[in-house]
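Data first, discussion second: the structure below is written as structure tokens.
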Amino acid sequence: MATKNQGSESMSSHLVKTVSPEERKRATKRTLLDMKQKLLTEGLGKSLPEDLVPSFDIGDEGDRADKERTHEVSILLSARDKEKLLAIEEALEKIEEGTYGVCEECGDEIGSGRLKAMPLARLCVTCQSRIEKEIARQRLAGKRSPQPLISEIEEEETY
């Protein structure tokens, strides 16, 4: 019986489904569009003053309606939500350009696990970590009061 179980385990490991880049692109695009829809839906719960509704004279009716709706909701969204909406739009553009998933800092590919967890990631783990360490270092340096160097004290005393 042990042989039968081992055989089925090895057989199942050979049945790993591979996802094509095109399928991954469609899934990512769906995820981003769902995120955008959620933000817009939450924003539509608020009311927009009539004088802030713009008129759009570009594209077909569908494009105009989408742009108008996005504009109206963006006025109502918090700054944080606006940044997220902008990041979603940029990610969607990158998908169309074929540059989605490429680190903006080093140009290496961002890991699929990172993109799955954070679809709006712009940096690979290495670059993100380096930038976060630099920011922490700058904050720490800003908290310390700068102590004059001995040579600076001596120069001040000679004047």
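The values are calculated or read from the model by the stated rules, or taken from the named source; none is laboratory data. Note that the structure is predicted; figures quoted are calculated from it, not measured. Quick reminder, even Gly has a Cβ in these numbers, built from the backbone with ideal geometry, and neighbours come from all protein chains shown.
A compact table of results
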item	result
Scan of the range 103-135 for residues that are more than 16 Å from residue 35 (Cα to Cα), buried (at least 16 other Cβ atoms within 10 Å of the Cβ) and of a type outside the set (Lys, Arg), ordered by number	103, 110, 123, 124, 127, 128
Residue match in the range 13-22 (condition: in a helix (DSSP H, G or I), under 22 Å from residue 121 (Cβ atoms) and either at pLDDT 80 or above or not charged (D, E, K, R) (or both))	yes
Contacts under 6 angstrom Cβ, first residue in the range 109-127 being free of Cβ contacts under 8 Å to residues at least 40 places away in the same chain, partner of a type in the set (Val, Ile, Thr) and not in a helix (DSSP H, G or I), 6 or more apart	121/110; 124/110
Residue in the range 136-153 that is at pLDDT 75 or above and either of a type in the set (Val, Ile, Thr) or surrounded by 12 or more Cβ atoms within 10 Å (Cβ to Cβ) (or both) present	no
Candidate set from the range 77-100 (those that are touching a residue at least 40 places away in the same chain (Cβ under 8 Å) and of a type outside the set (A, V, I, L, M)); member that is farthest from residue 42 (Cα to Cα)	100
Answer residue from the range 74-84, given it is out of contact with any Ser or Thr (no Cβ under 6 Å at 6 or more places or on another chain) and not small (Gly, Ala, Ser) and is surrounded by the fewest Cβ atoms within 10 Å (Cβ to Cβ) among those	80
Meets criteria (surrounded by 14 or more Cβ atoms within 10 Å (Cβ to Cβ) and part of a helix (DSSP H, G or I)) for residue 91	yes
